[in-house]
Amino acid sequence: MTAESVGRVEEGEPIGPSAADEAAMMGEDYTPPPGAPAVRAPSAGGRLPSLDSLVAKIPEATRRGLDEHLRARFMRVRKLKPGELR
């Protein structure tokens with residue numbers, strides 16, 4: 001820990017490497033991760049698929065795992081507003 005980083009911590013800045021330190025660690029071969037995937041806009045109208053048809057698309061092994069480890073239950077199908085799912 002350097003005197004500079006101690007001063008930053010006391011001033012309330014987050015602890016971590018500076019931008020210059022991080023760039024040096026990444027090197028020239030660093031490729032930033034791709035941006036977030038594009039979110040599809042929900043269709044204005046139309047019916048939602050049935051819950052049973054959506055659950056049927058989940059592989060059986062995955063459904064068993066969800067039930068065994070998380071006790072997850074699928075309750076309903078609904079449209080999400082943009083930004084609701086982050």
TODO: Find out how many positive minus negative residues lie around V55, taking Lys and Arg as positive, Asp and Glu as negative, among other residues whose Cβ is under 11 Å from that of V55.
DONE: +1
- [ ] Would you tell me the accessible area of D67, worked out with a 1.4 angstrom probe on the heavy atoms of the protein chains, in Å² to the nearest 10?
- [x] 90
- [ ] Under 12 Å from the Cβ of L70, count the other residues' Cβ atoms, weight Lys and Arg +1, Asp and Glu -1, and hand me the total.
- [x] +2
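The values are calculated or read from the model by the stated rules, or taken from the named source; none is laboratory data. If you're wondering where the values come from, they're calculated on a predicted model, not measured in any experiment. So basically every Cβ, Gly included, is an ideal-geometry build from the backbone, and we count neighbours across all protein chains shown. Accessible surface is based on the protein model in full, side chains and every heavy atom, while ligands, DNA and RNA are left aside. Shrake-Rupley method; radii C 1.70, N 1.55, O 1.52, S 1.80 Å.
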